[in-house]
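Colleague: Take this structure first; my questions come after.
The values are calculated or read from the model by the stated rules, or taken from the named source; none is laboratory data. Small disclaimer: the values here were computed from a predicted structure and weren't measured. With ideal geometry, Cβ positions are generated from the backbone for all residues, glycine too; neighbour counts draw on all protein chains shown. What goes into the accessible areas is simple: the full protein's heavy atoms, side chains included, and nothing from ligands, DNA or RNA. Shrake-Rupley method; radii C 1.70, N 1.55, O 1.52, S 1.80 Å.
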Amino acid sequence: MPSKPTKAERAAEQAAALPLKDGAEPAAVGPSLLAWYDRHRRRLPWRAAPGEAADPYRVWLSEIMLQQTTVATVADYFQRFLARWPTVADLAAADLDAVLTEWAGLGYYARARNLHACARAVVETQGGRFPADEAALRALPGVGAYTAAAIAAIAFDRRAVVLDGNIERVTARLFAVETPLPEAKALLYALTDRITPAARAGDFAQAAMDLGAGVCTPRKPRCMLCPLVDLCAGRAVAERLPAKAPKKRKPTRRGAAFWIERPDGAVLLRRRPESGLLGGMMEAPSTDWREGPPPAGPADLAAELAAALADAPVRLDRAVEVGLVRHTFTHFHLELTVLRAQIGAEHEAADAPPDACRWVAPDRLDGVALPTVMRKVAERALGAFD
Ligand code: SF4
């Protein structure tokens, strides 16, 4: 009995039946797009100049940073990382805490931990060189299907099918794909496979990214400037493609964060558990973040936190509410009540902090791996002290 076709096989079959405008050949996309790229490519800090070989370390670093993050935001971080750790061996030898601190503000902190683990794996198992093969790249920490394809194509000029958000949009419009995302992903991959050329696959991917960023934009695509306009089956309906399934409503979680100051001005910060949201980053000690009604009053919150800090040598019975911080994560909104607690003179600098906590002098806060939400807490608390 013939086996059931896989999802990828079904998608490839469906892709083969979708025409470009006027039945144009998919092979026509590559040369048009590459010719356009040779004239209009973006200059980006991680890109090799025309004719130069790309550096796999730069390509990998930028691809990890660019996940869920804009080019404009990544540019500064990329330059700082490269200045501090110019090679993968330098990054592998770095302290994880230094990497997390440098990453602070970029979000999705699992990426930073994986970045460090991946650098170590490249040094320890690959002799300090990134592998060129997609399967070997995928075996590295934090390198998924997209990143492996991007590195193989851009850094090693291997033929690989690269599909990021910009390329999804271009492909969906070129073939007038009406199936909504995320259901359409396998089909878009199969269609991108059809138009990816055998040579210059890395330039092709970067060209499609540039086209999506500057010409085939989410709103008001500039079709008159597009090198693919004569091939594009979806031009007339471009603005509503790619179709997207309705987003689920994000729940709101609530909790309280305590800005606890010692008489000498030092602030108590706690390291979050290694796994999970904001793993390994520092925080103002917080209660659990839960869905439901707003938190109780300061006294109840202080009691909850004191219980969580267990053997904390801190008394929080004089905590004062100083404001609210809002932050949005991928899956939920967060509202944090910020409380200021100044602890008494009985707590000297010599006191051992509670488990996973440390006292940080105010002029050292910049050197701490505080995620954006906790920087907001610090700003709210410090503003309240002025
Ligand atoms: Fe996008 Fe318009 Fe070009 Fe089609 S013609 S790929 S919709 S910019």
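Colleague: Excluding residues on the same chain fewer than 8 positions from K7, give the lysines whose Cα lies under 28 Å from its Cα.
Modeller: K21, K185, K244, K247, K248
Colleague: Ignoring solvent entirely, what values of log10 I(q)/I(0) come out of the Debye formula for the range 1-121 at 0.21 Å⁻¹ when each Cα is a single scatterer?
Modeller: The computed values of log10 I(q)/I(0) come out as -1.10.
Colleague: Also, I was wondering about something else. Relative to a virtual label point 7 Å from the Cα of L225 in the Cα→beta-carbon direction, which members of the range 17-44 show backbone nitrogen distances below 19 Å?
Modeller: 32-44
Colleague: Using the heavy atoms of the protein chains alone and a 1.4 angstrom probe, what is the accessible area of the chain per residue in square angstrom?
Modeller: Numbers: 19030 Å² over 386 residues.
On a per-residue basis, the chain sits at 49 Å².
Colleague: Continuing with the same structure: Any chance you could give the angle, 0 to 90 degrees and rounded to 10, that helix 201-214 forms with the longest Cα principal axis of the chain?
Modeller: Helix 201-214 sits roughly 70 degrees off the main axis of the chain.
Colleague: Going through the range 169-257, which GluC sites (Glu not before Pro) have at most 13 other Cβ atoms within 10 Å and a DSSP loop state?
Modeller: On the way: sites: E178, E183, E239; in loops: E178, E183.
Qualifying residues, ordered by number: E178, E183.
Colleague: Describe numerically, in nm with one decimal, the distance between label points set 7 Å from Cα along Cα→Cβ at Q68 and at V320.
Modeller: Placing both labels 7 Å beyond Cα along the Cβ direction yields 3.7 nm.
Colleague: Related question: So, R0 is 35 Å and r is the distance between the beta-carbons of A53 and A361; what FRET efficiency does that work out to, to 0.05? Numbers along the way, then the final one.
Modeller: Numbers: r = 46 Å, r/R0 = 1.32.
Step by step, r from the Cβ atoms, then E = 0.15.
Colleague: Provide the per-residue ³J(HN,Hα) series for the range 183-198, in order, calculated from phi with Karplus coefficients 6.51, -1.76, 1.60 and θ = phi - 60°, each as a whole number of Hz, with x at glycine and proline positions.
Modeller: The phi angles translate into 4, 7, 4, 5, 5, 5, 5, 5, 5, 5, 4, 5, 9, 6, x, 6 Hz.
Colleague: Residues of the range 218-254 with amide nitrogen under 19 Å from the 7 Å Cα-to-Cβ point of E178?
Modeller: 232-246
Colleague: Starting from the 7 Å offset along Cα-to-Cβ, what nm value, one decimal, do you get for the label separation of E13 and E335?
Modeller: It is 5.1 nm.
Colleague: What is the distance, in nm, between label points placed 7 Å from the Cα along the Cα-to-Cβ direction at D157 and at H40?
Modeller: 2.5
Colleague: Tell me which residues come under 5 Å, amide H to amide H, from A243 once H is placed; ignore anything under 5 positions away on its chain.
Modeller: For A243, whose amide H was placed from the backbone, the distant partners under 5 Å are L181.
Colleague: V338's amide H: which non-local residues (gap 5+, or another chain) put their own amide H closer than 5 Å, with H modeled 1.01 Å from N in plane and none for Pro or chain starts?
Modeller: When sequence neighbours closer than 5 places are left aside, the close amide H contacts are A257, V322, G323, L324, V325.
Colleague: In terms of modelled amide H atoms, which long-range or inter-chain residues lie less than 5 Å from the amide H of A296?
Modeller: Correct list: empty.
Colleague: Turning to a different aspect of this structure: Scattering from the C-alpha atoms of the chain alone, worked out with Debye: what is log10 I(q)/I(0) at q = 0.09, 0.12, 0.14 1/Å?
Modeller: Treating every Cα as an identical point scatterer, log10 I(q)/I(0) equals -0.67, -0.99, -1.16.
Colleague: Restricting things to Cα coordinates, could you compute the convex hull volume per residue of the range 122-165 in Å³?
Modeller: Values: hull volume 2.9 nm³, N = 44.
For the range 122-165, the hull spanned by Cα atoms encloses 66 Å³ per residue.
Colleague: Rounded to whole Å, give me the distance from the Cα center of the range 1-44 to that of the range 187-210.
Modeller: 7
Colleague: I need the Debye-formula profile for the range 197-274: one equal scatterer per C-alpha, no solvent, reported as log10 I(q)/I(0) at q = 0.20, 0.22, 0.25 1/Å, two decimals.
Modeller: These q points yield log10 I(q)/I(0) values of -1.01, -1.12, -1.23.
Colleague: So what are the ³J(HN,Hα) numbers for the range 4-19, from phi and the Karplus equation (6.51, -1.76, 1.60; θ = phi - 60°), rounded to whole Hz, Gly and Pro as x?
Modeller: 5, x, 6, 4, 5, 5, 4, 5, 5, 5, 5, 5, 5, 8, 8, x
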